[in-house]
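In what follows, a single structure is set out as structure tokens and then discussed.
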Amino acid sequence: MVFPEVRMRRLRKTELLRNMFKETDLYLDDFIYPVYLKEDLKYDDKEAIGSMPGQYRFSIDAAVDYLSYLNKMGLKSVLLFGLPSHKDELGSSAYDDNGIVQKVIHRLKDETDLVVIADVCMCEYTDHGHCGILNNNGYVLNDETLKYLSRIAVSYARAGVDIVAPSDMMDGRVGAIRSALDSNGFIDTGIMAYSAKYCSEFYAPFRDAVDSAPGFGDRRSYQMDPCNYNEALREVKLDIDEGADAIIVKPALSYLDVIKGVKDEFKMPTIAYQVSGEYSMLVNAVESGILSESAIWETLISIKRAGADKIISSFVGFMVNRLDGSEFSDFIQSLE
Ligand code: PBG
Ligand code: ZN
């Protein structure tokens, strides 16, 4: 049967009907909030991030305060990033048991009900800004880097982290981290792998946020080429075989095909990362009046519709700041 018997507009006629037949929805539970911790900040200081309007670098106390508040509002999970006072060629602050991320993991597990996830990488901690250990030619050494990533993961596990999220894109890191965790007794610490992580300009505001831009060259010898789709499926397959508990696709909006492909093919918990550049681009457009806030909602719903089970997004902070007493889910629906 076709037109005129079939009329697609029937179910679009009123808001009640539209709501009834809506296929996708967003809740605060869907989100993981990325948080930037800065070791140099004291007391309850926070510092605005110029490249990400509405986002901050937090001291330990400021982070714990703000995240406790978000947790009370209904947020379930956070992803931690550290900006250490001291950087060196081995990124040693990353696996210091007294590091900023380790301290905040401890506090959050003591004082909140949040699922605490920590990004495992070296670029925020190395003086050269690359995601691994370099040889004399400035090439990132894969197998050497695995030892350091494993040390970082075990140190976070010791602090009580629920899940580690390796974002370096070295080959074999999920397996290396799994066996390091297991041999240290952390058999229940999960691994959420950034399996399909593309080499993207959309990370630029983040690198400003945590001062992690590579001092020379770029990340093309380890992060994925934006031209490739099949390669993403191979990356994901390998990470599953090495023991990944959940898979991250990153960035999100320019890679919806990858999110959908990964979810359909592997049926794994699939997390999309709406990265800093996606955030800043939209915030700028909204703040300058070019787009209304519904554009934010539209990107998030498209990411969920593509198959993401969870979304890592800075918009959690942006949206909660605008709540003004209303429930988050009412608010996000009001954006629509
Ligand atoms: C660290 C890391 C990056 C992001 C998450 N983990 C930056 C990079 O790889 O250069 C990007 C996050 C964002 O842009 O929001 N490797
Ligand atoms: Zn990195």
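Answer yes if at least one residue in segment 243-251 is among the charged types (D, E, K, R) and touching a Phe, Trp or Tyr at 6+ places or on another chain (Cβ under 6 Å), and no otherwise. Let's see the steps before the verdict.
Residues of segment 243-251 among the charged types (D, E, K, R): 245, 250.
If we keep only those that are touching a Phe, Trp or Tyr at 6+ places or on another chain (Cβ under 6 Å) too, we end up with 250.
Yes.
Scan segment 30-44 for residues that are closer than 21 Å to Pro205 by Cβ and outside any strand (DSSP E or B) and report the count.
From segment 30-44, those closer than 21 Å to Pro205 by Cβ are 31-41; that's our starting set.
With outside any strand (DSSP E or B) added as a condition, the list becomes 39-41.
Looking only at that region, the number is 3.
Where residues in segment 254-292 are outside any helix (DSSP H, G or I) and buried (at least 21 other Cβ atoms within 10 Å of the Cβ), which of them is farthest from ligand 2 (Cβ to nearest atom)? Lay out the reasoning, then the answer.
Taking segment 254-292 and keeping what is outside any helix (DSSP H, G or I), we get 267-275, 288-292.
Restricting the remaining residues to those that are buried (at least 21 other Cβ atoms within 10 Å of the Cβ) gives 270-275.
On the way: Thr270: 21, Ile271: 17, Ala272: 19, Tyr273: 13, Gln274: 18, Val275: 13 Å.
Across segment 254-292, the extreme among qualifying residues is Thr270.
Among the residues of segment 162-174, write down those that are crowded, with 19+ Cβ neighbours inside 10 Å and under 17 Å from Thr145 (Cβ atoms). Please lay out each step first, then the result.
Within segment 162-174, the first condition is being crowded, with 19+ Cβ neighbours inside 10 Å, and the residues that meet it are 162-170, 173-174.
Once the filter is applied, which keeps residues that are crowded, with 19+ Cβ neighbours inside 10 Å and under 17 Å from Thr145 (Cβ atoms), segment 162-174 yields Val164, Ala165, Pro166, Ser167, Asp168, Met169, Met170, Arg173, Val174.
Take segment 175-212 and flag every residue that is open to solvent by 60 Å² or more (accessible area, probe 1.4 Å) and more than 25 Å from Ala308 (Cβ to Cβ).
The answer is Ser179, Asp182, Ser183, Asn184, Ile187, Asp208, Asp211.
Which of the residues spanning segment 111-165 are among the acidic types (Asp, Glu), in contact with a Lys or Arg (Cβ under 9 Å, 6 or more places away or on another chain) and either modelled with pLDDT under 95 or within 16 Å of ligand 2 (Cβ to nearest atom) (or both)? So that I can check it myself, show each step before the final result.
Within segment 111-165, the first condition is being among the acidic types (Asp, Glu), and the residues that meet it are 111, 113, 119, 124, 127, 143-144, 162.
Then keep just the ones that are in contact with a Lys or Arg (Cβ under 9 Å, 6 or more places away or on another chain); that gives 113, 124, 127, 162.
Residues satisfying the conditions are Glu124, Asp127.
Somewhere in segment 237-244, is a residue at positive phi and among the charged types (D, E, K, R)?
Residues of segment 237-244 at positive phi: 243.
If we keep only those that are among the charged types (D, E, K, R) too, we end up with none.
Taking every residue of segment 237-244 in turn, none turns out to be at positive phi and among the charged types (D, E, K, R).
So in segment 103-135, with the set limited to residues that are surrounded by fewer than 23 Cβ atoms within 10 Å (Cβ to Cβ) and part of a helix (DSSP H, G or I), which one is nearest to ligand 1 (Cβ to nearest atom)?
Restricting to residues being surrounded by fewer than 23 Cβ atoms within 10 Å (Cβ to Cβ) and part of a helix (DSSP H, G or I), the top hit is Lys103.
The values are calculated or read from the model by the stated rules, or taken from the named source; none is laboratory data. Since this is a predicted model, take the numbers as computed values, not measurements. When we count neighbours, we look across all protein chains shown, and the Cβ atoms used for this are built from the backbone with ideal geometry, even at glycine. Side chains included, ligands, DNA and RNA excluded: accessible areas come from the protein's heavy atoms. Shrake-Rupley method; radii C 1.70, N 1.55, O 1.52, S 1.80 Å.
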